[in-house]
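> Let me give you the structure first, and then I'll get to my questions.
The values are calculated or read from the model by the stated rules, or taken from the named source; none is laboratory data. Nothing here was measured: the structure is a model prediction, and the numbers come from that model. Methodologically, a virtual Cβ is constructed for each residue, glycine included, from the backbone with ideal geometry; neighbour enumeration extends over all protein chains shown. Areas reflect the complete protein model, heavy atoms only, side chains present, ligands, DNA and RNA absent. Shrake-Rupley method; radii C 1.70, N 1.55, O 1.52, S 1.80 Å.
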Amino acid sequence: MRHLVNVRLGSDQRNMIAADMHGTYEKTWAELNSRLREIEVSGGGLGGALMELECHQQESGFIKLNLSSVERHVFAHPEDPSRFFRVQYNPERALRFSGSGLSAPPPGSDIKNDGCFLCRDNIRWQQQGAEMGYEVHLGENSYYAWMNPFPLLPTHVVIATTEHTSQEWPVCEKGTLDVSKLLNDLVGLSTRMPGYLGFYNGVNAGASIPGHLHFQFFKRPDDEPEFPLECVGRRHRESGRDGMFLEDYPLDVAMWTGVPEEVLAQASGWIADWATRNRKRINGLTANFIVSSDLDGDAITLYFIPRDRSKTHGDGLSGLIGGLEVLGELVFSSSEDKALLDTGGVDFFSLEKTLACVRTPFYTD
Ligand SMILES: [Zn+2]
């Protein structure tokens, strides 16, 4: 079909082809979504449906990176090997800036919301029909799950609202903050995806598309399922230490574990109080939220990491510091990053220092 578009055609013919492509996209979408729904409800769960979407998107050529080219390195503390960070060297990720699809729509399609990459109406023509998503309903809210074309981990998916709505967290004019709706959806998705980790990167805290609300989820890697932040959290719980603040980590982190409803109520309430105490500086703050659900889906763990909007990068790392870096896995992709890795310029302490660059204390008073 694609070669036909390049032939010199009259406008009526072009419009017919555009309508035909549109119709083909909708038909393929409907068939795929019905197959994925069947997988989800017949025991595969949302996680199973997304793994099938991943296969579909690998076959269609939309997923451009094979994770086998990714190298992982572990850097442990020399005296306490239970403390560690990971580096992921992912060279093909550097290509992502050159592969964002068409920038101008064919006849019959319009650019919506300045070409936003998470609006379905744009995705259809930008990716020439190759990118398909899965519609996920969560109470009254609806989302599309889209595969990441340059994944960092297995089944790396972006779950974006169907409507174009901002990624900003909801600070109201008086400076109060109510994250209960945001967390409700993040946690709701997580409980349907045991074995996955999910996160929300606030604007200036790693969000790559700040114009359109989205979460990211990925499946735990089989070989190294626990992330450095989670390991510190587990040791905190096992040692019976009181409180929800983690120690031994370069960032300020609050953690809640328990049944989803209780975690949601406790975290939303605590964060609202925290925001009140930080009213004077709240407009300069943002956050990462990270959530994981245990394998039977009964208990969740939620992490809240406050961030300063002016601190987006850490020394010694070219990319943004987002949820994965906050979890303790830093993504290296540039040649400068690789040179640092090859010349022995990376160790536990250098990575700790990189993360500490974005450390934002809970309170300044
Ligand atoms: Zn959008």
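> Of all residues being of a type outside the set (A, V, I, L, M, F, W, C) and farther than 19 Å from PHE150 by Cβ in the stretch 123-133, which is nearest to the ligand (Cβ to nearest atom)? Just the residue, please.
From the stretch 123-133, those of a type outside the set (A, V, I, L, M, F, W, C) are 124, 126-129, 131, 133; that's our starting set.
Narrowing further to those that are farther than 19 Å from PHE150 by Cβ: 124, 129.
Details: ARG124: 13, GLY129: 18 Å.
The selected residue is ARG124.
> A further question follows. Inspect the stretch 53-60 for any residue being open to solvent by less than 40 Å² (accessible area, probe 1.4 Å), within 16 Å of the ligand (Cβ to nearest atom) and touching a strand residue (DSSP E or B) at 6+ places or on another chain (Cβ under 7 Å) and give the result as yes or no.
No, that holds for no residue.
> Mind listing whichever residues of the stretch 273-291 are open to solvent by 10 Å² or more (accessible area, probe 1.4 Å), of a type outside the set (D, E, K, R) and closer than 19 Å to ALA205 by Cβ?
Of all residues in the stretch 273-291, those open to solvent by 10 Å² or more (accessible area, probe 1.4 Å) come to 273, 276-277, 279-281, 283-284.
So of that shortlist, the ones also of a type outside the set (D, E, K, R) come out as 276, 283-284.
Scanning the stretch 273-291 gives ASN283, GLY284.
> Give the residues of the stretch 147-174 that are of a type in the set (Ser, Thr, Tyr) and open to solvent by 30 Å² or more (accessible area, probe 1.4 Å), sorted by residue number. Show your work before the answer.
Step one: filter the stretch 147-174 for residues of a type in the set (Ser, Thr, Tyr), giving 155, 161-162, 165-166.
THR162, THR165, SER166, listed by residue number.
> Out of (1) free of Cβ contacts under 8 Å to residues at least 60 places away in the same chain; (2) surrounded by fewer than 19 Cβ atoms within 10 Å (Cβ to Cβ); (3) within 16 Å of the ligand (Cβ to nearest atom), the odd one out for TYR144 is which?
(2)
> Consider VAL74 against the criteria (1) modelled with pLDDT of 95 or more; (2) surrounded by 16 or more Cβ atoms within 10 Å (Cβ to Cβ): it satisfies all of them except one. Which criterion is unmet?
It is condition (2) that VAL74 fails.
> Moving to a separate point now. Every residue in the stretch 101-122 that is more than 9 Å from the ligand (Cβ to nearest atom) and aliphatic (A, V, I, L, M), please.
Answer for the stretch 101-122, where residues must be more than 9 Å from the ligand (Cβ to nearest atom) and aliphatic (A, V, I, L, M): LEU102, ALA104, ILE111.
> Another question about this same structure. Given the structure, is PHE75 away from the ligand (no atom under 16 Å from the Cβ) and among the aromatic types (Phe, Trp, Tyr)?
Numbers: away from the ligand (no atom under 16 Å from the Cβ): yes; among the aromatic types (Phe, Trp, Tyr): yes.
For PHE75, the condition - away from the ligand (no atom under 16 Å from the Cβ) and among the aromatic types (Phe, Trp, Tyr) - is met.
> Please name all residue pairs, on different chains or six or more residues apart, with Cβ atoms under 8 Å, provided the first residue is in the stretch 108-133 and is free of Cβ contacts under 8 Å to residues at least 60 places away in the same chain and the second residue is near the ligand (Cβ under 9 Å from one of its atoms) and basic (Lys, Arg).
ASP121/LYS112; ASN122/LYS112
> Follow-up. Are any of the residues in the stretch 119-140 modelled with pLDDT under 90 and not in a loop (DSSP other than H, G, I, E, B)?
No.
> All but one of (1) over 22 Å from TYR363 (Cβ atoms); (2) open to solvent by less than 60 Å² (accessible area, probe 1.4 Å); (3) under 14 Å from the mean Cα position of the chain (by Cα) hold for PRO210; state the number of the condition that does not hold.
Single failed check for PRO210: (2).
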